[in-house]
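Asker: Below is the structure I would like to discuss, written out as C-alpha cells.
The values are calculated or read from the model by the stated rules, or taken from the named source; none is laboratory data. From a predicted model like this one, the values you see are computed outputs, not experimental measurements. All Cβ positions, glycine included, derive from the backbone under ideal geometry; neighbour counts span all protein chains shown.
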Amino acid sequence: MRLLFDARGQGLRVKVRIWHGCSIGVAPYNAAMTGIETNLYRVADVRLIEAQAKHLTGQDAWSLMQRAGAAAFAMLCERWPEARRILVVCGNGNNGGDGYVVALLARNHGLTVTLVQVGALPTRDPAAQAVVQWHEAGGAVITSAGEDLPGADLIIDALLGIGLDRAPEGVTAAMIAAINRHPAPVFALDAPSGLNADTGHPPADCVQAERTLSFIAWKRGLWTGAAVQFCGELYLATLSVPAMAFAEVLADAHLMTAADVTTALPRRARDIHKGRTGHALVVGSDHGFGGAVLIAAAAAARAGAGLVSVATRIEHVSALLAQRPEVMARAITCGDDLQRSIERADVIALGPGLGQSDWSLQLAQTACASGKPMVVDADALNLLAAGRIELHGTLVLTPHPGEAARMLGVDVATVERDRFAAVRELAHRHRAVVVLKGAGSLIADRDGTVSLCPFGNPGMASGGMGDALTGVIAALIAQGLATAEAARIGVVVHALAADRAARDGERGLLASDVIAALRAIMNP
C-alpha cells in the first residue's frame, strides 16, 4: 500500500492511495506521482484499458474480477479489522460479481456474510462465475426490494459500480435509500452506487460511502463536484494491469500533486531583486467592496510578486495602505486614470469587488484593451457574460459555478452535471485558461487539457477566497509562469494553504488565514 498524498477534500477527508495487489511499502507525503497514478479516465477508456490488459496478459475477465475481489477484501481487513458481520449488496452486473468474490473471501475467513441480491442474478460471465462459486461454497442469497436491511458491521456496495448513466429506479433506488439509512459504514467497489463516474454527478440518490476502492485506473468523476461528498476516502487498486495496457489510451484529465509546486517554484537565485519577480496590478473594489482588492493584493504579495499595485476607489486607499503598506494603492476615477498603472504592470488581476457601475465598466474596458496578461474574476466575469466587455490576449478566467453558468447561458445545475464539459467549453469559447472553482476545482488549457486539484476543504466556503486565488495566480504570472501553469499551480497552492490553515478547524476559516499560510506552501 503506497501513500501518495493526504489532503482535505471539499466534503470528506480524502486519502489517496495506490494498491498494487496487497504489497506494502509506504512512500512519503510529497512523493511524485506519474503515469496512471495521476491520470483520470472516462469509463469507456477504462474498459479499453481492461480489454488491452486481457489481450497482453492472455488472462480473461474472470482473473481481473478475482484480483479486484482480493484487493477489496484485503482493504476490508485493513480498514475494518473489527467487522465480523458483513452485508454485501450486489447488482446483476460485473460490480455485483466483484461483490460475490469479496463475499466468498470473507466467508472463507470466518466472517458472517449476508449477501443481498437486487434484481435478477448475474447471468453473464465473469459475474455469473462468481455466483456459481458462491453457491458451490454453500453461500445463501437473499433478495430485497429495498426494505430495511439486516444488522451488520460493514456494508459492501457492489450494486451499480461505474456503469450508471441515468437515475436509478425501482428496487435499485429503494436499495440505495436503504443502504443510506443503515448505521453501518459503507465500502463502495469502484464507485458509490448512484454516482455517474464520468461526471461526478448523482442524477438521484447516491450511496454515501466511507471509502471507495476504484479498480484499474481512476475514473475522472470520482474527484469533482458532488462526488467528493459521496466517495469518502479514495483508493485505487491497479490489479497488476501492465503499463503497456495504458499506452494507447489517452487520459482525459490529470490530478495535480503537492510535488508539482516544488517543480514549478524552484529556489530563487541568490541575486534576485524585485524588478525580476514581476509587478501585479489589482483592479477593482467599487463603493462598498474595499476588502476584495485588499485580499487579492495581499495574496499576490504573499505569493511572491515583487511589486503589487491596486487601482481602486479613493475611499479604499487609506484603509488599504494602513493594513498592507507594502502595496502601492492609487485612486482611480475613470478609465484614463488607469492607463499609467497598466503600463507599469506585468499582469492585471481584474474583477475583485469591481461591481457593474459605469466606473466599473470603464476600468474593465481599459484593462481589456491593454493587451496585458489578465486574471479575470468576479464582476469582470459578470460583465463578460452580459456582453459589456470583450476579452483579448493572454487570459485566465476563474469562475465559480454560478458565474460559469451565466457565461454559458445555462443554469448552475447544468454546469454541475458535467463540470468537465463546462470548463472545456469555456476555455474553447473564450480562448483562455479557465479555472472552474468548487470541490475538485478544474483547470482547462486553451487546447482542452484539464487538470484537477484534489486539495481544499469546506472551510473555503467563505467570502474572499476567490479574491485570494485571483491574487495568487496573478503573482505567479508576474513571476514568469505561463498562464496555464500559473493557473494550475495557483489553484494547488491556494488549496494547500487552506488545508494548512484549517488544521485547527474548517468552520470559521478566513481568506486572511489562507493568505498567511501561503508562504510556507510556496517554500517547501
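Asker: For segment 411-428, give me each residue that is more than 15 Å from residue 200 (Cβ to Cβ) and either among the small types (Gly, Ala, Ser) or in contact (Cβ under 8 Å) with a residue 12 or more places away in the chain (or both).
Answerer: 425, 426, 427, 428
Asker: Within segment 217-257, track down each residue that is of a type in the set (Val, Ile, Thr) and closer than 27 Å to residue 446 by Cβ.
Answerer: Narrowing segment 217-257 to residues of a type in the set (Val, Ile, Thr): 224, 228, 238, 241, 249, 257.
Within segment 217-257, 224, 228, 249, 257 meet the criteria.
Asker: Would you be able to say whether some residue in segment 187-203 is assigned by TED's automatic domain parsing to the domain that holds residue 116, of a type in the set (Ser, Thr, Tyr) and either under 19 Å from the mean Cα position of the chain (by Cα) or buried (at least 21 other Cβ atoms within 10 Å of the Cβ) (or both)?
Answerer: Residues of segment 187-203 assigned by TED's automatic domain parsing to the domain that holds residue 116: 187-203.
Filter again for of a type in the set (Ser, Thr, Tyr), leaving 193, 199.
If we keep only those that are either under 19 Å from the mean Cα position of the chain (by Cα) or buried (at least 21 other Cβ atoms within 10 Å of the Cβ) (or both) too, we end up with 193, 199.
Yes - at least one qualifying residue is present in segment 187-203.
Asker: Output the residue which, of all residues in segment 348-386 that are in a loop (DSSP other than H, G, I, E, B) and among the hydroxyl-bearing types (Ser, Thr, Tyr), is surrounded by the fewest Cβ atoms within 10 Å (Cβ to Cβ). Full working, then the answer.
Answerer: If we filter segment 348-386 for residues that are in a loop (DSSP other than H, G, I, E, B), which is where we start, we get 351-357, 369-373, 377-378, 386.
If we keep only those that are among the hydroxyl-bearing types (Ser, Thr, Tyr) as well, we get 357, 370.
On the way: 357: 12, 370: 19.
Filtering first and then ranking leaves 357.
Asker: Please work out if residue 265 is at pLDDT below 95 and not assigned by TED's automatic domain parsing to the domain that holds residue 332. Working first, answer last.
Answerer: On the way: at pLDDT below 95: yes; not assigned by TED's automatic domain parsing to the domain that holds residue 332: no.
The answer is no for residue 265.
Asker: Report yes if residue 234 is part of a loop (DSSP other than H, G, I, E, B), in the same structural domain as residue 45 (by TED's automatic domain parsing) and within 20 Å of residue 197 (Cβ to Cβ), otherwise no.
Answerer: Values: part of a loop (DSSP other than H, G, I, E, B): no; in the same structural domain as residue 45 (by TED's automatic domain parsing): yes; within 20 Å of residue 197 (Cβ to Cβ): yes.
No; evaluated as a whole, the condition is false for this residue.
Asker: Can you tell me which of (1) aliphatic (A, V, I, L, M); (2) in a loop (DSSP other than H, G, I, E, B); (3) modelled with pLDDT under 95 is the one residue 171 doesn't meet?
Answerer: Only one criterion is unmet by residue 171, namely (2).
Asker: Can you name the residue in segment 316-347 that is over 29 Å from residue 390 (Cβ atoms) and of a type outside the set (A, V, I, L, M) and is also surrounded by the fewest Cβ atoms within 10 Å (Cβ to Cβ) among such residues?
Answerer: 325
Asker: On to the next question. Identify the single condition in (1) more than 22 Å from residue 364 (Cβ to Cβ); (2) touching a residue at least 12 places away in the same chain (Cβ under 8 Å) that residue 408 does not satisfy, given that it satisfies every other one.
Answerer: Unmet for residue 408, out of (1) more than 22 Å from residue 364 (Cβ to Cβ); (2) touching a residue at least 12 places away in the same chain (Cβ under 8 Å): (1).
Asker: Next up: Being at pLDDT below 95 and under 30 Å from residue 244 (Cβ atoms) is true for just one of 145, 71, 53, 120. Which residue is that?
Answerer: On the way: 145 fails: under 30 Å from residue 244 (Cβ atoms); 71 fails: at pLDDT below 95; 120 fails: under 30 Å from residue 244 (Cβ atoms).
53 is the lone residue from the list that is at pLDDT below 95 and under 30 Å from residue 244 (Cβ atoms).
Asker: What single numbered condition from (1) surrounded by 24 or more Cβ atoms within 10 Å (Cβ to Cβ); (2) in contact (Cβ under 8 Å) with a residue 40 or more places away in the chain fails to hold for residue 79?
Answerer: Among (1) surrounded by 24 or more Cβ atoms within 10 Å (Cβ to Cβ); (2) in contact (Cβ under 8 Å) with a residue 40 or more places away in the chain, residue 79 violates only (1).
Asker: Do the conditions hold for residue 441, that is, is it over 20 Å from residue 378 (Cβ atoms), under 15 Å from the mean Cα position of the chain (by Cα) and buried (at least 22 other Cβ atoms within 10 Å of the Cβ)? I'd like the intermediate steps shown before the answer.
Answerer: Values: over 20 Å from residue 378 (Cβ atoms): no; under 15 Å from the mean Cα position of the chain (by Cα): yes; buried (at least 22 other Cβ atoms within 10 Å of the Cβ): yes.
So residue 441 fails the test.
Asker: Could you list, in sequence order, all residues of segment 82-119 that are surrounded by fewer than 24 Cβ atoms within 10 Å (Cβ to Cβ) and of a type in the set (D, E, K, R)?
Answerer: Scanning segment 82-119 gives 82, 84, 85, 107.
Asker: Is it the case that segment 460-479 has a residue that's over 20 Å from residue 283 (Cα atoms), crowded, with 24+ Cβ neighbours inside 10 Å and in the same structural domain as residue 275 (by TED's automatic domain parsing)? If you could, list the steps in order and put the result at the bottom.
Answerer: First, pick out the residues of segment 460-479 that are over 20 Å from residue 283 (Cα atoms): 460-462.
Of the ones still in play, those that are also crowded, with 24+ Cβ neighbours inside 10 Å are 460.
Subset that is in the same structural domain as residue 275 (by TED's automatic domain parsing): 460.
Within segment 460-479 (the criterion being over 20 Å from residue 283 (Cα atoms), crowded, with 24+ Cβ neighbours inside 10 Å and in the same structural domain as residue 275 (by TED's automatic domain parsing)), the answer is yes, since at least one residue qualifies.
Asker: List the strands (runs of 3 or more DSSP E) that sit entirely inside segment 421-524 and contain at least 3 residues that are of a type outside the set (Ser, Thr, Tyr).
Answerer: Values: elements: 433-436, 442-444, 450-452.
Because the criterion is at least 3 residues that are of a type outside the set (Ser, Thr, Tyr), the strands (runs of 3 or more DSSP E) in segment 421-524 that meet it are 433-436, 442-444.
Asker: Right, another one. Of the residues in segment 327-362, how many are modelled with pLDDT under 95 and acidic (Asp, Glu)?
Answerer: 2
Asker: Output the residue which, of all residues in segment 221-267 that are charged (D, E, K, R) and more than 22 Å from residue 75 (Cα to Cα), is surrounded by the fewest Cβ atoms within 10 Å (Cβ to Cβ).
Answerer: Quick first cut of segment 221-267, residues charged (D, E, K, R) only: 233, 248, 252, 260, 267.
Then keep just the ones that are more than 22 Å from residue 75 (Cα to Cα); that gives 248, 252, 260, 267.
Working: 248: 9, 252: 19, 260: 21, 267: 7.
If we take residues in segment 221-267 being charged (D, E, K, R) and more than 22 Å from residue 75 (Cα to Cα), then 267 is surrounded by the fewest Cβ atoms within 10 Å (Cβ to Cβ).
Asker: Are any of the residues in segment 271-288 closer than 30 Å to residue 61 by Cα and either part of a loop (DSSP other than H, G, I, E, B) or modelled with pLDDT under 95 (or both)? Break it down into steps so the answer makes sense when it comes.
Answerer: First pass over segment 271-288, keeping only residues closer than 30 Å to residue 61 by Cα: none.
Within segment 271-288 (the criterion being closer than 30 Å to residue 61 by Cα and either part of a loop (DSSP other than H, G, I, E, B) or modelled with pLDDT under 95 (or both)), the answer is no, since none of the residues qualifies.
Asker: Looking at 198, 148, 157, can you tell me which residue is in a strand (DSSP E or B) and in contact (Cβ under 8 Å) with a residue 24 or more places away in the chain? Let's see the steps before the verdict.
Answerer: Values: 198 fails: in a strand (DSSP E or B); 148 fails: in a strand (DSSP E or B).
Result of the check over 198, 148, 157: 157.
Asker: Residue 310: outside any helix (DSSP H, G or I) and within 29 Å of residue 517 (Cβ to Cβ), yes or no? Quick ask: steps written out before the conclusion?
Answerer: Values: outside any helix (DSSP H, G or I): yes; within 29 Å of residue 517 (Cβ to Cβ): yes.
Yes: the conditions hold for residue 310.
Asker: Please identify the pairs in which a residue from segment 89-118 that is hydroxyl-bearing (Ser, Thr, Tyr) has its Cβ atom under 6 Å from the Cβ atom of a residue that is buried (at least 19 other Cβ atoms within 10 Å of the Cβ), counting only partners at least 6 apart or on another chain.
Answerer: 100/130; 100/131; 100/134; 114/87
Asker: Looking only at segment 313-340, which residues are assigned to a helix (DSSP H, G or I) and within 34 Å of the chain's Cα centre (by Cα)? Don't jump to the end; show me each part of the working.
Answerer: Step one: list which residues in segment 313-340 are assigned to a helix (DSSP H, G or I), which gives 314-323, 335-340.
Scanning segment 313-340 gives 320, 323.
Asker: While we're on this one: Would you check if there is a residue in segment 431-441 being under 26 Å from residue 164 (Cα atoms), in the same structural domain as residue 509 (by TED's automatic domain parsing) and hydrophobic (A, V, I, L, M, F, W, C)? Steps first, answer last, please.
Answerer: At the first step, the residues of segment 431-441 found to be under 26 Å from residue 164 (Cα atoms) are 436-441.
Subset that is in the same structural domain as residue 509 (by TED's automatic domain parsing): 436-441.
Restricting the remaining residues to those that are hydrophobic (A, V, I, L, M, F, W, C) gives 436, 439.
Within segment 431-441 (the criterion being under 26 Å from residue 164 (Cα atoms), in the same structural domain as residue 509 (by TED's automatic domain parsing) and hydrophobic (A, V, I, L, M, F, W, C)), the answer is yes, since at least one residue qualifies.
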